[in-house]
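These notes are about the structure you will find just below.
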């Protein structure tokens, strides 16, 4: 799932772990005499520009936990200690999502956002997951264009889509082949348990967003006795990893789009997109058809119909989608933009990125390593992707073909071990916005169902990817704060109602927009 402008595969036999590898990996992770568990982190100030209380260290962990005495890799860690030892409960590990997102700066960010009664209970621990940033980063040597997987389906271009997917898989194998099979969620969970051990803690607490919810869920199943207070925010459905988590972007974009047409129609006098939802929808699809025939010149960018459709995530935020479509309509008609229009911001939304410059491929390399290496359930036949993409383009016209088109996982090496079954009780708290573009509500509900004993906090009317601390006015903050402060789960699931947003998408007492947590752009 993104945490900056950062879901369903049906369960298959690939999700059922076999006894032998699970037993072997559990024995390797639990080896009490292993050298990596006896490390003492050498903490030091992260940088002169940062507070002295923000400390960093690097530890070594096995590349392959089945061979703990073999090659090792670095894991970069950070911390900000509780300033009230008398009220300290333990450590709280933090993950921003991805896969491929850096978490090293999270303690610094969360230190200023958490209320005192929560903050003083924990040493905040950040870390870059294996393969990311400061933790022995990997690369696939991808060009900028090769990093983008929003590829629309057309029969005449499908062979080039197959060539792209094969090229990405081949490049990743060539550049990082010795490490790639070990960049998985299960191994990152083992790294988390190594962090727990070297910090001298019997248990860990955890706050994970988006992809971080799946990482936390996997840890809770591998190490249930070491799982303390876990908050899993914006949930990944374990039964949908990972092709299904991309496909759910298509299925759930349709109701979000319908909701947007109603919102825009209610403001037809301001935006001029139509007086009722049907007219707004007709305006949108007319723009797509026009841009397919002749790209729209939008402030120097040639916008195609496929580019417009690939911006499906913006329709979960009607206050952002409406000025974007209004600006495209003006451009198509040769009219000037309305005064005050943030043209640069709208262009970046269309391009699916947060900055003008292309990103290095580290986050993309880790993304594919995890989503291809976590499960063996990806189809291996190109024909299936073509059939699915054609079918879903008709069924989910906004994004269906993008979601189901071929991905590099079709040509990835088989995973080293099976996905983690969700069989053990997990007394954790899941948190969800009703309108989340990256991990939609159905995905969060799936995570809650999978983790027996969990409770769910649902922010009715909540928009955006990421809930806790993302919006000071969110009704979900109070139950999460109470759980982190006391360790007591709500007696039952909680559904609260967020205050309504105004026409600009802001709520009266809160921040507008998400907290800028780091993460892999356009991912989970």
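Looking at (1) out of contact with any strand residue (DSSP E or B) (no Cβ under 6 Å at 6 or more places or on another chain); (2) buried (at least 23 other Cβ atoms within 10 Å of the Cβ); (3) assigned by TED's automatic domain parsing to the domain that holds residue 210; (4) assigned to a helix (DSSP H, G or I), find the lone condition where residue 444 falls short.
(1)
Name the residues in the stretch 70-83 that are in a loop (DSSP other than H, G, I, E, B) and either touching a helix residue (DSSP H, G or I) at 6+ places or on another chain (Cβ under 9 Å) or within 19 Å of residue 36 (Cβ to Cβ) (or both), would you?
Those that are in a loop (DSSP other than H, G, I, E, B) and either touching a helix residue (DSSP H, G or I) at 6+ places or on another chain (Cβ under 9 Å) or within 19 Å of residue 36 (Cβ to Cβ) (or both): 70, 71, 82, 83.
From the list 492, 497, which residue is touching a strand residue (DSSP E or B) at 6+ places or on another chain (Cβ under 8 Å), loosely packed, with under 14 Cβ neighbours inside 10 Å, modelled with pLDDT of 95 or more and over 30 Å from residue 266 (Cα atoms)?
492
Name, by its number, the condition in (1) surrounded by fewer than 17 Cβ atoms within 10 Å (Cβ to Cβ); (2) under 21 Å from the mean Cα position of the chain (by Cα); (3) in a loop (DSSP other than H, G, I, E, B); (4) at pLDDT 95 or above that does not hold for residue 460.
Only one criterion is unmet by residue 460, namely (3).
Is there a residue being out of contact with any helix residue (DSSP H, G or I) (no Cβ under 9 Å at 6 or more places or on another chain) and at positive phi anywhere in the stretch 425-448?
No: the stretch 425-448 contains no residue that is out of contact with any helix residue (DSSP H, G or I) (no Cβ under 9 Å at 6 or more places or on another chain) and at positive phi.
Out of all the residues in the stretch 33-72, which are out of contact with any strand residue (DSSP E or B) (no Cβ under 6 Å at 6 or more places or on another chain), under 22 Å from residue 96 (Cβ atoms) and surrounded by 13 or more Cβ atoms within 10 Å (Cβ to Cβ)?
Once the filter is applied, which keeps residues that are out of contact with any strand residue (DSSP E or B) (no Cβ under 6 Å at 6 or more places or on another chain), under 22 Å from residue 96 (Cβ atoms) and surrounded by 13 or more Cβ atoms within 10 Å (Cβ to Cβ), the stretch 33-72 yields only 50.
Can residue 195 be described as within 17 Å of the chain's Cα centre (by Cα) and part of a helix (DSSP H, G or I)?
The answer is no for residue 195.
Among residues belonging to the stretch 464-477 that are surrounded by fewer than 24 Cβ atoms within 10 Å (Cβ to Cβ) and in contact with a strand residue (DSSP E or B) (Cβ under 8 Å, 6 or more places away or on another chain), point out the one that is modelled with the highest pLDDT.
475
Exactly one condition in (1) more than 14 Å from residue 191 (Cβ to Cβ); (2) at pLDDT below 95; (3) touching a helix residue (DSSP H, G or I) at 6+ places or on another chain (Cβ under 9 Å) is false for residue 34; which is it?
(1)
Going by the conditions given, is residue 199 farther than 21 Å from residue 439 by Cβ, touching a strand residue (DSSP E or B) at 6+ places or on another chain (Cβ under 8 Å) and in the same structural domain as residue 41 (by TED's automatic domain parsing)?
yes
The values are calculated or read from the model by the stated rules, or taken from the named source; none is laboratory data. This is a predicted model, so every value here is computed, not measured. Note: ideal-geometry Cβ built from the backbone for every residue, glycine included; neighbour counts use all protein chains shown.
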